[in-house]
1. Ile357 - would you say it is exposed (fewer than 15 other Cβ atoms within 10 Å of the Cβ), within 30 Å of Asn292 (Cα to Cα) and within 44 Å of the chain's Cα centre (by Cα)?
2. Given the criteria assigned by TED's automatic domain parsing to the domain that holds Gly354, crowded, with 21+ Cβ neighbours inside 10 Å and of a type outside the set (Val, Ile, Thr), does Ala220 qualify?
3. Residues of the stretch 345-361 being in a helix (DSSP H, G or I), over 11 Å from Ile132 (Cα atoms) and in contact (Cβ under 8 Å) with a residue 40 or more places away in the chain, which ones?
4. Restricting attention to the stretch 388-408, does a residue exist that is outside any helix (DSSP H, G or I) and crowded, with 21+ Cβ neighbours inside 10 Å?
5. Within the stretch 239-272, restricting attention to residues that are of a type in the set (Ser, Thr, Tyr) and over 9 Å from the mean Cα position of the chain (by Cα), which residue is nearest to Ala310 (Cα to Cα)?
6. Select, from Thr252, Thr268, the only residue that is in the same structural domain as Thr342 (by TED's automatic domain parsing), among the polar types (S, T, N, Q) and within 30 Å of Ser452 (Cβ to Cβ).
7. Among the listed residues Leu78, Leu68, identify the single one that is more than 23 Å from Val236 (Cα to Cα) and either out of contact with any Cys (no Cβ under 8 Å at 6 or more places or on another chain) or surrounded by 19 or more Cβ atoms within 10 Å (Cβ to Cβ) (or both).
8. How many residues are among the small types (Gly, Ala, Ser) and touching a Lys or Arg at 6+ places or on another chain (Cβ under 8 Å) if we restrict to the stretch 308-359?
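The values are calculated or read from the model by the stated rules, or taken from the named source; none is laboratory data. Given the structure is predicted, the values throughout are model-derived calculations rather than measurements. Ideal geometry is used to build each Cβ from the backbone, glycine not excepted, and the neighbour counts take in all protein chains shown.
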Amino acid sequence: MQGSSIPTATTVLDSILFRDAFGTPGMREAFSDYALISRYVEVEVALAKAQARCGVIPQAAADDITRLSDPSRLDFDLLRQETDVVGYPILPLVHQLVKQCGEAGRYVHWGATTQDIMDTAVILQVRAGLKIIEDDVAELRRILADLSRRHRDTPMAGRTHLQQALPVTFGYKTAIWLAMFDRHAERLEQLKPRVLVGEFAGAAGTLASLGDRGFEVQQALCEELGLGVPVSTWHVARDGLAEVVNFFGLVTGSLGKIALDVMIMASTEFGELYEPFVKGRGASSTMPQKRNPISSELILAAAKAVRQHAGLMLDATIQDFERATGPWHAEWMAIPESFVLTAGALHQAKFALGGLIVDEAKMARNLDISRGLIVAEAVMMGLAPQVGRQEAHDVVYEACRIVNETGGTLAEALAASPEVSGRIDRATIDRLTSPGNYLGLAPAMVDRVLGSVPRQG
């Protein structure tokens, strides 16, 4: 067998085959085992520094803990074995840190409880992960803004219930996508102060082990880590982390909507959009002509998976008394996977939309496929001042029936109708039945979205 080792991953997030389809290296690194353990150590060191500042432990001990604590020197196999026995990784970690720190080791983890360290470490991961998401959303907004500007006036068929309805522009469609992500950027900024807070409260959340120094140490710890100070213990109040994952549900839901539109519009019968051409991408093993919308398919799958994790996080908010008996553990699965999947979906969206191939000519042909019927409303409203709205409706309805049953165009059927030709000339009929003349405020709506909020690019 070629290669250095046999692949052993069991999920798509770590699979050598699928990990870059459903995630990104940067987000995987932020939520890797080593990153998490390093965050545990970071919190333990910050706690020692904070407690020295507050006079709870000697400054010399804190200096030694800071200098000697080294995640790279941990025995990870021993850590795994002891974690299996204890059920949590912090006590096994503290055992090793105590040895690393020598005499100062007696002050490691002073007054803390396991969940304090784990929760705060996860918040540090969340902060790093949200920065990646924030940057990806900003880049996607730039891409969507560019598409909206370029295709502000590109006419295409607007569709409701999968039927042609009225003309729109492709820029109008992408501006709606953009507005969603403008709101997501706002939501992200708003949730940070609620979520990015530390946790240090002790065994039952009352800081009893530190006497009257508890709040002082708590604040000092959060300052050391650059986190907000919690107004109350959140060992069993998990709304903040649930908000993050449900925010990802909204983000990937919006991505899924875009992906679905792209997939349908890329179908043979539509042929209006295509994902960027990369030789071999989307190829079929049996049908050489195929060009499957791979990125859109991956986005849709990720959206469905994140939605499941959003539900799991909501379920995990229901926790008993002052320390949960199981829901907390569900977060260990949902949070990292949601971050990786969301980053993966955004990565695919940036690729697909950043190089999106827009077939304006096919959009125009599809707009004409109804032979003018798509603008029947425009004709009715144009005729109404001469004959009244109801008669105009009936006349246009009859013309549409003729087109559907005998062929021809709406303009031809209207020109042959005495009720119409006696009131408006053929030039007016042609103008009213031209889809490009009935775009409503679609281009102006593009302008309004583009000018609504500041954005990069």
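1. The answer is yes for Ile357.
2. no
3. Once the filter is applied, which keeps residues that are in a helix (DSSP H, G or I), over 11 Å from Ile132 (Cα atoms) and in contact (Cβ under 8 Å) with a residue 40 or more places away in the chain, the stretch 345-361 yields Ala345, Gln348, Ala349, Lys350, Phe351, Ala352, Leu353, Gly354, Glu360.
4. no
5. My answer is Ser267.
6. Of the residues listed, the single one that is in the same structural domain as Thr342 (by TED's automatic domain parsing), among the polar types (S, T, N, Q) and within 30 Å of Ser452 (Cβ to Cβ) is Thr252.
7. Leu78
8. Adding up the residues that qualify gives 1.
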